[in-house]
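Visitor: Structure provided below as structure tokens; questions to follow.
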Amino acid sequence: MMSDCLFCKIIAGEIPLKKVYEDETVFAFADIDPQAPTHILVIPKEHIGSAAEVTEENSAVVAHIFEVIAKLSKELDMKDGFRVVSNCGESAGQSVHHLHFHVMSGREFTWPAG
Ligand code: 5GP
Ligand code: ZN
């Protein structure tokens with residue numbers, strides 16, 4: 001755990017949140033500022049700074065995150081489609097420096113985004 005990381009604090013239970021899913025390596029919760037009717041964040045429990053810090057050593061959890069996303073898409077009734085986004089770095093708008101995947105559903109999305 002990185003003591004100054006907001007999402008590490010969330011995993012440690014130090015910040016109130018709406019938990020959606022948890023297992024040994026992955027945590028999912030509702031975004032505090034939803035950009036779609038359904039907007040959850042899926043994160044590794046291990047602190048990985050961003051998509052740019054995924055390596056051969058830590059990438060297994062990323063595959064598992066996508067298994068969890070597929071499972072949640074069924075449980076949360078996202079059959080009309082959903083968008084998965086990971087902002088990486090300042091120009092992409094990353095504001096929390098702990099790898100996270102936004103999963104958004106329940107409205108139409110434009111492309112390219114922003
Ligand atoms: P980013 O901007 O890094 O791509 O995404 C960070 C996300 O974290 C934002 O969508 C923001 O709304 C969400 N967020 C920031 N602080 C909190 C918090 O304390 N609780 C929850 N549930 N979400 C947060
Ligand atoms: Zn962290």
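Visitor: To the nearest 10 Å², what's Leu6's accessible area with a 1.4 Å probe?
Guide: 80 Å²
Visitor: Ignoring ligands, DNA and RNA, please state the percent of accessible area on the stretch 1-83 from carbon and sulfur, probe 1.4 Å.
Guide: Taking all protein chains in place, the stretch 1-83 shows 53 percent carbon and sulfur surface.
Visitor: Please determine, in degrees from 0 to 90 and to the nearest 10, the orientation of helix 60-75 with respect to the longest principal axis defined by the Cα atoms of the chain, where the helix direction is its Cα long axis.
Guide: So the inclination is approximately 30 degrees.
Visitor: Which whole-Hz couplings ³J(HN,Hα) result when phi for each residue of the stretch 32-44 is put into the Karplus expression 6.51 cos²θ - 1.76 cosθ + 1.60, θ = phi - 60°, listed in order with x for Gly and Pro?
Guide: Each residue's phi maps through the Karplus curve to give 5, 10, x, 9, 7, x, 10, 8, 10, 10, 10, 9, x Hz.
Visitor: By average Cβ neighbour count within 10 Å, what is the ranking of 27-39, 102-114 from highest down?
Guide: Descending packing order for the listed peptides: 27-39, 102-114.
Visitor: If you take the square roots of the eigenvalues of the alpha-carbon gyration tensor of the chain and sort them as a ≥ b ≥ c, do you get rounded (a/c under 1.5), prolate (a/b over b/c) or oblate?
Guide: rounded
Visitor: Over 20 Å between C-alpha atoms is what I'm after, so list which of Lys9/Lys45; Lys9/Lys74; Lys45/Lys79; Lys9/Lys71 land there.
Guide: In this structure, Lys9/Lys74; Lys45/Lys79; Lys9/Lys71 lie more than 20 Å apart at Cα.
Visitor: Go through the cysteines of the chain and tell me which have no other cysteine Cβ under 4.7 Å away.
Guide: Within the chain, the cysteines lacking a partner Cβ under 4.7 Å are Cys88.
Visitor: What is the chain's relative contact order, in percent, from Cα pairs under 8 angstrom and six or more apart in sequence?
Guide: Contact order relative to length: 30 percent.
Visitor: Right, something else. Cα to Cα, under 12 Å, and not fewer than 8 places away if on the same chain: which aspartates and glutamates meet these conditions relative to Lys19?
Guide: Partners found: Asp31.
The values are calculated or read from the model by the stated rules, or taken from the named source; none is laboratory data. All values reported here derive from a predicted model rather than from experimental measurement. Quick reminder, even Gly has a Cβ in these numbers, built from the backbone with ideal geometry, and neighbours come from all protein chains shown. SASA here: full protein model, heavy atoms, side chains in, ligands and nucleic acids out. Shrake-Rupley method; radii C 1.70, N 1.55, O 1.52, S 1.80 Å.
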